[in-house]
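A.B. asks: Here it is: the structure, laid out below.
The values are calculated or read from the model by the stated rules, or taken from the named source; none is laboratory data. Everything quoted here is computed from the prediction, not taken from an experiment. Cβ placement follows ideal geometry from the backbone for every residue including glycine, while neighbour counts extend to all protein chains displayed. Only protein heavy atoms, including side chains, enter the accessible area calculation; ligands, DNA and RNA are left aside. Shrake-Rupley method; radii C 1.70, N 1.55, O 1.52, S 1.80 Å.
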Amino acid sequence: MLQCLANGVLISGLYAVVTLGLTMVMGVMGIVNFAHGEFVMLGAYVTYWAFTLWGIDPILSLPLSAGVLILVGISIYRFGIKPILSAEAFEQVLLTFGISIILQNAALILWKADFRSISTPYSDMSIAIGPINIGLARLLTFGIAVMLTLLLVVFNKTKVGKALRAVSQNRKAAALMGINVDKAYIIAFSIAAALGGIAGTLSALIMYVFPLMGGKLGLKAFAILILGGLGNIWGTLIASLILGISESIVGTYLPQGSGWAEGLSFALILTVLIFKPTGIAGVRRE
Amino acid sequence: MWGAFGITALVYPWIVGSSYAVHMGIVILMYAILSMGFDILARTGQVSVGQAALFGLGAYCAVLTFEKFGIDPVLAIFLGGLFAGVVAAGFGFATLRIRGIYFSIATICFAESLQVLALMARGLTGGAIGVSVPPIFDGNITASYYFILALLGGTILVSLIIDKSKLNFAFTAIRENEKVASVMGINPTKYKVLSFVLSAFFTGCVGGFYAFYITYIIPYEVFGIGISVACLVMPVFGGLYTIEGPLLGAVVLKTVEEFLRTTIPYGHMIVYGVILVVSVLYMPAGIVGLVKKRFLERE
């Protein structure tokens, strides 16, 4: 039981990082980025290739995948998102969904549908704490995830962070106060893309890398976002824990549990949307 | 133009002769219905990213009613459509109250959770192996062609009725501004659910037909994202909120896809993504919109 709880907690770190990128874009720009999962997938491939071709350790490739994804993010923002910022939500959904299809299939064309994985010297190592065995790779991803979240909390207190929040509350008022809205959006989108890239690196450490991996992770992030409420870091963390732990429990104790666990996030989304559309944090959504 | 289209569609199997061409015709007609189904819902401003949920529900319901109760395939197909419609009504009442984006997320989750359900409930659905059924009309593909053509006729008729009746005003008002619409005495949830149910019925019927035409279904296929994507890209590309647009989108894109499938086996779906992005950015009214603009400029 303890082991199962520990596994759930450890995976929730990764879920939180994926979701934080999604909430950043949704909170500041009001856009649901259906392509966020594909950012994670690209980050995972950057790490995979850096490791396979040049032997760069996944942890060291963190800045690399963050950097590559910032470039990808800025170009997507410039050519795709910016023209439709003030368009209908309808068109925004279609556009980001289109980008997600493009990235997914580009990955399929380039790297085929193979499942790839990285094996580092430490991927099979584990630490025993009492009755629990904790994989070193999982512990690493969790640690990095916690650090990132703390960084983000600090960032929100800085001048740039405050500017982003101002823009998210009222775009026009913020512009009148002398905040460059376009720049704020670029920053928000780059941070989100970087978070996606980092999440990719982390997931390459502990799971298979394949072109459609982003879809599943992206949907889990939606579940967490909806459960945790929008733009609320603590809500996101708690919701990640809930999802991680419940997946782990279902996966361990139900017959054929890992299959059912895949559907858990979706069931969660549907339940929350139907019964309590404001999420656990209770933030009201228009 | 409508007359020419109708006559071509009616005599098509006699002109082409080869059964492959008739098969392509059937596939195109199927997608034409799916794409019109998406459009009926889109008229109220809702984007469903999970039409595969309705398609798969129709497919499984049709196949299972045939297998367990021995119901005639043609009737089973309509039962599949009805079942999808009933489920859509429940799902719609629960999720269409909230803002559009959340409905989109909910639909994609709906399709994914049904896929998991179909994979796991092995006793009923056969799990990943799926279910097989004998072919409809004893494998007579000309009969299949006319059946699906008639179903398309029904869809066009419903779409026309919506277009010409006062429903059109209600749908458009909700799409343009939901708050204003509700102030004017329109109950947005009611109309959104109505359009979703209509959309679900036709999508479910096509799912049922697909099952009996292809003769086997697996969860990855009928609840798969590929179907949801096609349902969405075709009408956007052709031109939303029109009758010609979704039809045109299905004819053009399915033909292109068939060509690409043979040249690029993996990832030919990338074209759908590119077309979607280009359509949203540069031709929001689709091909139909471009053509109309050209005509107006000439005059």
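This table checks each residue for (1) at pLDDT 90 or above; (2) closer than 21 Å to residue A:90 by Cα; (3) out of contact with any Phe, Trp or Tyr (no Cβ under 9 Å at 6 or more places or on another chain); (4) within 14 Å of chain A (Cβ to nearest Cβ).
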residue: B:158; (1), (2), (3), (4): yes, no, no, no
residue: B:187; (1), (2), (3), (4): no, yes, yes, no
residue: B:202; (1), (2), (3), (4): yes, no, yes, no
residue: B:205; (1), (2), (3), (4): yes, no, no, no
residue: B:209; (1), (2), (3), (4): yes, no, no, no
residue: B:215; (1), (2), (3), (4): no, no, yes, no
residue: B:241; (1), (2), (3), (4): no, yes, no, yes
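A.B. asks: Under 6 Å between Cβ atoms, which residue pairs at least 6 apart in sequence (or on different chains) link something in segment A:111-123 that is away from every other protein chain (no Cβ under 14 Å) with a partner that is open to solvent by less than 50 Å² (accessible area, probe 1.4 Å) and among the aliphatic types (A, V, I, L, M)?
C.D. replies: Final answer for the pair search is A:116/A:209; A:118/A:204; A:122/A:136; A:123/A:137.
A.B. asks: Right, another one. State whether the residues of segment A:151-172 include one that is farther than 30 Å from residue B:108 by Cα and in contact (Cβ under 8 Å) with a residue 40 or more places away in the chain.
C.D. replies: Yes; the residues of segment A:151-172 include at least one that is farther than 30 Å from residue B:108 by Cα and in contact (Cβ under 8 Å) with a residue 40 or more places away in the chain.
A.B. asks: Something else: Could you list, in sequence order, all residues of segment A:39-62 that are under 13 Å from residue A:195 (Cβ atoms) and not hydrophobic (A, V, I, L, M, F, W, C)?
C.D. replies: A:43, the sole residue that qualifies.
A.B. asks: Across segment B:81-115, which residue is farthest from residue A:275 (Cα to Cα) among those that are surrounded by fewer than 21 Cβ atoms within 10 Å (Cβ to Cβ) and among the hydrophobic types (A, V, I, L, M, F, W, C)?
C.D. replies: B:82
A.B. asks: Give just the number: which of (1) of a type outside the set (Asp, Glu); (2) open to solvent by less than 10 Å² (accessible area, probe 1.4 Å); (3) without any contact (Cβ under 8 Å) to a residue 60 or more places away in the chain does residue B:237 not satisfy?
C.D. replies: All conditions pass for residue B:237, except number (2).
A.B. asks: Now for a separate question. Please return the ranges of helices (runs of 4 or more DSSP H) entirely within segment B:146-226 where 2 or more residues are open to solvent by less than 10 Å² (accessible area, probe 1.4 Å).
C.D. replies: B:167-176, B:188-214, B:219-222
A.B. asks: Is it fair to say residue B:75 is more than 16 Å from the chain's Cα centre (by Cα) and free of Cβ contacts under 8 Å to residues at least 40 places away in the same chain?
C.D. replies: Spelling it out, residue B:75 is indeed more than 16 Å from the chain's Cα centre (by Cα) and free of Cβ contacts under 8 Å to residues at least 40 places away in the same chain.
A.B. asks: Being without any contact (Cβ under 8 Å) to a residue 40 or more places away in the chain, more than 9 Å from every other protein chain (Cβ to nearest Cβ) and over 23 Å from residue A:41 (Cβ atoms): is that true of residue A:83 here?
C.D. replies: Criteria not met by residue A:83.
A.B. asks: Can residue B:74 be described as at pLDDT below 90, open to solvent by 20 Å² or more (accessible area, probe 1.4 Å) and assigned to a helix (DSSP H, G or I)?
C.D. replies: yes
A.B. asks: Of the residues that sit in segment B:2-31 and are more than 18 Å from residue B:259 (Cβ to Cβ) and touching a Gly at 6+ places or on another chain (Cβ under 9 Å), which one is nearest to the other protein chains (Cβ to nearest Cβ)?
C.D. replies: Out of the qualifying residues, it is B:9.
A.B. asks: Scan segment A:172-184 and give yes if some residue there is within 14 Å of chain B (Cβ to nearest Cβ) and buried (at least 19 other Cβ atoms within 10 Å of the Cβ), otherwise no.
C.D. replies: no
A.B. asks: Also, quick follow-up: Given the criteria among the polar types (S, T, N, Q) and in contact with a Ser or Thr (Cβ under 9 Å, 6 or more places away or on another chain), does residue B:95 qualify?
C.D. replies: Against the criterion (among the polar types (S, T, N, Q) and in contact with a Ser or Thr (Cβ under 9 Å, 6 or more places away or on another chain)), residue B:95 qualifies.
A.B. asks: Evaluate the following for residue B:25: is it open to solvent by less than 20 Å² (accessible area, probe 1.4 Å) and over 25 Å from residue B:220 (Cβ atoms)?
C.D. replies: yes
A.B. asks: Tell me the residue from B:62, B:143, B:84, B:121 that is away from every other protein chain (no Cβ under 14 Å) and without any contact (Cβ under 8 Å) to a residue 24 or more places away in the chain, please.
C.D. replies: B:143
A.B. asks: Can you name the residue in segment A:52-69 that is part of a helix (DSSP H, G or I) and open to solvent by 50 Å² or more (accessible area, probe 1.4 Å) and, of all such residues, is nearest to residue A:208 (Cα to Cα)?
C.D. replies: A:52
A.B. asks: Tally up the residues in segment A:215-257 that are under 30 Å from residue A:169 (Cβ atoms) and either part of a helix (DSSP H, G or I) or open to solvent by 40 Å² or more (accessible area, probe 1.4 Å) (or both), please.
C.D. replies: So the count comes out to 26.
A.B. asks: For the subset of segment B:243-274 comprising residues that are at pLDDT 85 or above and at the interface with chain A (Cβ under 8 Å from one of its Cβ atoms), which member is surrounded by the fewest Cβ atoms within 10 Å (Cβ to Cβ)?
C.D. replies: Going through the qualifying residues, I end up with B:274.
A.B. asks: Within segment A:28-50, how many residues are surrounded by fewer than 21 Cβ atoms within 10 Å (Cβ to Cβ) and either in contact with a Gly (Cβ under 7 Å, 6 or more places away or on another chain) or assigned to a helix (DSSP H, G or I) (or both)?
C.D. replies: 1
A.B. asks: Identify the residue in segment A:71-80 that is more than 8 Å from chain B (Cβ to nearest Cβ) and within 23 Å of residue A:172 (Cα to Cα) and, among all such residues, is least open to solvent (accessible area, probe 1.4 Å).
C.D. replies: Taking the candidates together, the pick is A:77.
So that you can scan it fast, the table gives a plain yes or no per residue for (1) touching a His at 6+ places or on another chain (Cβ under 7 Å); (2) surrounded by 16 or more Cβ atoms within 10 Å (Cβ to Cβ); (3) modelled with pLDDT under 85; (4) assigned to a helix (DSSP H, G or I):
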{"position": "A:92", "(1), (2), (3), (4)": "no, yes, no, yes"}
{"position": "A:100", "(1), (2), (3), (4)": "no, yes, no, yes"}
{"position": "A:104", "(1), (2), (3), (4)": "no, yes, no, yes"}
{"position": "A:123", "(1), (2), (3), (4)": "no, yes, yes, no"}
{"position": "A:128", "(1), (2), (3), (4)": "no, no, yes, no"}
{"position": "A:142", "(1), (2), (3), (4)": "no, yes, no, yes"}
{"position": "A:147", "(1), (2), (3), (4)": "no, no, no, yes"}
{"position": "A:156", "(1), (2), (3), (4)": "no, no, yes, yes"}
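A.B. asks: Quick check, is residue B:20 modelled with pLDDT of 85 or more, out of contact with any His (no Cβ under 6 Å at 6 or more places or on another chain) and under 23 Å from residue B:138 (Cβ atoms)?
C.D. replies: When the stated conditions are applied, residue B:20 passes them.
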